[in-house]
Each structure stands twice: as structure tokens, then as C-alpha cells.
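The values are calculated or read from the model by the stated rules, or taken from the named source; none is laboratory data. Note that the structure is predicted; figures quoted are calculated from it, not measured. Cβ placement follows ideal geometry from the backbone for every residue including glycine, while neighbour counts extend to all protein chains displayed. Keep in mind that these areas ignore ligands, DNA and RNA; they rest on the heavy atoms of the full protein, side chains included. Shrake-Rupley method; radii C 1.70, N 1.55, O 1.52, S 1.80 Å.
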Amino acid sequence: MGLVIVGSAAAAAIIHLLLGLLTLDIAVPANQDGRRAASALAQVFAAEHPRVRIRTQQVPDLAAAAATLDAGGNGLAIVRSDAAGQNSQTLAILRRDAVIFIALDARIVGVRSLRGHTVGLLDGSPLDTKLLDLILQHYAMPPDAVRRRVLTLDQVPEAVRRREVDALFVVAPAASASWLTLFAALRKGGKGRPKSFEIDEAAGIAKEHPTLETLDVPKGTFQGSLPSPADDVTTLSVSYRLAASAAMPDWLAGEITREVLTSKSRLATLDGDLAGIEAPDPDDKTQALPIHTGTAAYLSGSLPSLSDQMQGAVYWLGLVASGLASLCAAGAALYQRIRPRQPSTRVMRLLEIWIAVPASDAEELGILEGEADGLAAAAIRAEALGRVESTEMRLVTLLVSHVREAVRRRHQAIGNMRTNGADAGDRSMARNDAAPDV
């Protein structure tokens, strides 16, 4: 039993080491934001879980990141809620981006006012373009009802100065420092106080498209010399999520969720855009954005800790090992009872010697007796070393005694034959001497 316990403990230690030697690929867009977020996650896991390695897998965009999960596997991905894919299950919400319209023309007071105007899209993200089309469609405007102009942040001042755009469509975290840079660029282009307007039907759009949510942006959220918005606005938002496929084990998904949520402050220090990390709502049953079962179990407190799971694994491993050991012992005992026993070579040779003795001459008897004594000595040595069964030893002892008795009788018979032969010769000579001469 002691050996079983030691073996179980050793096996559990090996399993613990193997479980710790994990390499998780995280698919991120090949841009600065994606690389920075992946680097922050990798540093946190390297510090807290030295045997867990986060390896960055750069993909063209967010849609491609979600596609890596749809392809299966046990990796991670940073996905956006409106392009999450069919197999993206949420582990943690990394940030929420506000969808903001900034009017640069006094005639624009809402989404409907955009018809016939030019909207500038920063960096021209395909997802932002698709999102703008979705919003326009809700307001019964075809995509070509609004002209588009893709701009970088450096191009904004000149585009505003030349009145090449009438509004900007921006998707960014509400607390991001990028707003300060954007408003500084607008002022540089001659636009003193741009006006941010709300999406008045945001709740209806979010209900129709569950991957979107509503977001209230308080007055003055976008800090600067002229805080914006001037009033509270309600708009839409998209969320960036750390996601995994359903194939990831619950214990691993729960552990990753725990590490991300408990390391929020450090992650925010490494990447300012991760300041808005939050736990997903385990009661949210939105089919478009499912929560991983391991994450839901961790958040509801029903997922055992990793140490508890390891203790459980050791217990069950010990139980299984003990059961297997008992079965093996019982099987070995049963086999010993029912297996056909092969006769010992020593026993068989002694039996052959015993049978051969009656037909042997005097010279052969000495050889056979010597061989029998040698077999007896070998059996005694084997018994002293515990290498012979008691049954075999009893048979060897019995046969050796029979061999010796047979040899004795054979010697006696040979002696009698010689004596009888000599007596017959003497009687023949006496008859010859007594016969009369003719």
C-alpha cells in the first residue's frame, strides 16, 4: 500500500508539472494596440505563472482573430463584439469603445442630418465602416447616402481646414487619451468647439443587434481645454474581449479569467487601454456573445480552485492506483492457482535417473548416483535463496532417496550375478575332475 501511495504522489506531481507547461497562442490584430495588449497579458502571466507562456499570433484584423477560434484549438484571441465569430466565448471584457459622431458642420444635429454629407473615418477600419453602415441602415439610409473619407489623425487638421469632411465617426474608449489628441487636431484645423451628438435610437439598435450595447457618456468625459461632450449623450458601444473557444477546459478558462481580473491594475499600467477591464455578466444569456462555462463557473463561485482540483486529482489517482494494484494482486494469485505448472527440470532428471538405474552397469551407476547428488545439492542451494517451491523440494528429496535405494539394489544384483557365475564355474570343474578315464 505504501508503494501505491508513493506512486500516486509521484504521478500527481508529474501531472502538475505537465499541466503547468502550457503555451497559449493569442491571436491579435497586427497593429500597435493589439501587440501592446498581448504583450501586457504575456508579462502578467510570465510573472504569476512561469510555466504558462503566452505567445502572440499576429493576424490581419479582428475578424481574422475571431476566425482562429472558429477553426478550433485551445488558444486565445482578442475579438470585438460585433465581429466575434461563432466559436468566440468570453473570458473577460478588456474595454468598451464608445461610438461617437462629431459634427463639424452646424447643419448636422443628428444621424439623419448626415444624408448628403461627408463623414471622416479615422484609420478606415473595415469594422468601423460596417458599423456606420449598420447605423445608417437603421435610420433607413442606404450606405451611399453618406460619403466617406478615410483619415489618419495627422490628416484631420488639414481636412477640417479645407472643409473636406462635415463630421467624424470615431470608435474609441471613452476614457482614452486619444480624444485629447483628436480635439487638439480639430482645434488646429480651426474648429474651436466641435459638437458630439448622440444616437437617439441607440437602445433600439442594440436590441436589434445584440453584439452592440448602449453607453451613457457623461458631460465633459473627453477632457481637454474645452471638455466634450457639452451635455450627456447616449450612444452605442462595442466591447473588446479576451475570448477562447468552447474546447478550452473549464479549469483553464476559469484560471485565465481569475488572473486577468485580479491583475487589472498591473495590466492598466502596461497598457492604458486595458484600464476598463471588467468581468462579463454571468447572467447574460445573449447567444451572440456567450460566456465560457469555465468563466461563468468562476464568477459564480462554483469552480473549484486549481489547488482543490489538483487535490481531487491526487485523491482519484490514488484511488484508481489502489484499485488497480488490488486487481493485479488478485489476478496474480488466481493465475498462480489455475496456471498449468511445468515440472521442474531437476525433478524430471531425477525421475529419468531412477528409471535408468535398473538397466545400468556398475560404471554407469556411479555416474548416475553422482549426478543425482549434484541435483540434490543444487536444489538445497536454491531453497536457501528462496528460489524453489516447497513442492519441488519434497519431490527432489523423495526421488534422491529412491535413486540411492535403486542404486544400492542394482549394486547388490550385480554382485549376486557375479557370485552366482563363480559358483557355477566351480561346479562344472568338479564334474570334469570326477569323470572316469576311457
Review point. With respect to Asp281, is the statement that it is outside any loop (DSSP other than H, G, I, E, B), at pLDDT 80 or above and within 18 Å of Ser81 (Cα to Cα) true?
Key: no
Exercise for review: Run Ala64 past the list (1) open to solvent by 60 Å² or more (accessible area, probe 1.4 Å); (2) over 19 Å from Tyr139 (Cβ atoms); (3) without any contact (Cβ under 8 Å) to a residue 40 or more places away in the chain and report the number of the one that doesn't hold.
Suggested key: (1)
Exercise for review: Read through the list (1) modelled with pLDDT of 90 or more; (2) touching a Ser or Thr at 6+ places or on another chain (Cβ under 8 Å), then give the number of the only condition that Ser263 fails.
Suggested key: (2)
Revision key, fill the gap. Exception for Val233 within (1) hydrophobic (A, V, I, L, M, F, W, C); (2) touching a helix residue (DSSP H, G or I) at 6+ places or on another chain (Cβ under 7 Å); (3) within 29 Å of Ser196 (Cα to Cα); (4) in contact (Cβ under 8 Å) with a residue 24 or more places away in the chain falls at (2)
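Any idea which residue in region 67-93 is most open to solvent (accessible area, probe 1.4 Å), counting only those that are among the charged types (D, E, K, R) and closer than 17 Å to Asp33 by Cβ?
Taking region 67-93 as the starting set, the residues that turn out to be among the charged types (D, E, K, R) are 70, 80, 82.
Imposing the further condition that a residue be closer than 17 Å to Asp33 by Cβ reduces the set to 80, 82.
Numbers: Arg80: 4, Asp82: 35 Å².
The extreme case among them is Asp82.
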Check your understanding: Which ones in region 110-123 are more than 21 Å from Asp271 (Cβ to Cβ), of a type outside the set (S, T, N, Q) and crowded, with 17+ Cβ neighbours inside 10 Å?
Key -> Val111, Leu114, His117, Val119, Gly120, Leu121
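Run down Arg107, Arg96 and say which single residue is over 30 Å from Phe45 (Cβ atoms), open to solvent by 60 Å² or more (accessible area, probe 1.4 Å) and outside any helix (DSSP H, G or I). Don't jump to the end; show me each part of the working.
Working: Arg96 fails: over 30 Å from Phe45 (Cβ atoms).
Every option except Arg107 fails the conditions.
Would you be able to say whether some residue in region 188-197 is over 30 Å from Pro290 (Cα atoms), out of contact with any strand residue (DSSP E or B) (no Cβ under 6 Å at 6 or more places or on another chain), assigned to a helix (DSSP H, G or I) and open to solvent by 20 Å² or more (accessible area, probe 1.4 Å)? Working first, answer last.
Taking region 188-197 and keeping what is over 30 Å from Pro290 (Cα atoms), we get 188-197.
Still in the list and also out of contact with any strand residue (DSSP E or B) (no Cβ under 6 Å at 6 or more places or on another chain): 188-193.
Restricting the remaining residues to those that are assigned to a helix (DSSP H, G or I) gives 188.
Checking the rest, the ones that are also open to solvent by 20 Å² or more (accessible area, probe 1.4 Å) come to 188.
Looking for residues that are over 30 Å from Pro290 (Cα atoms), out of contact with any strand residue (DSSP E or B) (no Cβ under 6 Å at 6 or more places or on another chain), assigned to a helix (DSSP H, G or I) and open to solvent by 20 Å² or more (accessible area, probe 1.4 Å), one finds at least one in region 188-197, hence yes.
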Review point. In region 226-251, how many are out of contact with any Leu (no Cβ under 8 Å at 6 or more places or on another chain) and open to solvent by 10 Å² or more (accessible area, probe 1.4 Å)?
Key: 9
Point to revise | Inter-residue pairs, beta-carbon under 9 Å, first touching a residue at least 12 places away in the same chain (Cβ under 8 Å) and surrounded by fewer than 22 Cβ atoms within 10 Å (Cβ to Cβ) and in region 20-43, second of a type in the set (S, T, N, Q) and part of a loop (DSSP other than H, G, I, E, B), 6+ apart | key: Leu22/Asn74; Leu24/Asn74; Asp25/Asn74
Practice item. State yes or no: is Val170 open to solvent by 30 Å² or more (accessible area, probe 1.4 Å) and under 19 Å from Leu62 (Cα atoms)? Key: no
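Check region 125-136 and report whether any residue there is farther than 22 Å from Asp97 by Cα and surrounded by fewer than 16 Cβ atoms within 10 Å (Cβ to Cβ). Before you say what the answer is, go through the steps one by one.
Initial filter on region 125-136 (farther than 22 Å from Asp97 by Cα): none.
Within region 125-136 (the criterion being farther than 22 Å from Asp97 by Cα and surrounded by fewer than 16 Cβ atoms within 10 Å (Cβ to Cβ)), the answer is no, since none of the residues qualifies.
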Review point. Restricting region 265-291 to residues that are closer than 11 Å to Ala40 by Cβ and free of Cβ contacts under 8 Å to residues at least 40 places away in the same chain, which is least open to solvent (accessible area, probe 1.4 Å)?
Key: Ala268
Practice item. Could you check Ala246 against (1) out of contact with any Gly (no Cβ under 9 Å at 6 or more places or on another chain); (2) aliphatic (A, V, I, L, M); (3) touching a residue at least 60 places away in the same chain (Cβ under 8 Å); (4) not in a loop (DSSP other than H, G, I, E, B) and say which number it fails? Key: (4)
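Could you say whether any residue in region 190-202 is closer than 18 Å to Pro218 by Cβ and aliphatic (A, V, I, L, M)? Steps first, answer last, please.
In the first step, residues of region 190-202 are kept if they are closer than 18 Å to Pro218 by Cβ; the result is 193-200, 202.
From what is left, the residues that are aliphatic (A, V, I, L, M) are 199, 202.
Yes; the residues of region 190-202 include at least one that is closer than 18 Å to Pro218 by Cβ and aliphatic (A, V, I, L, M).
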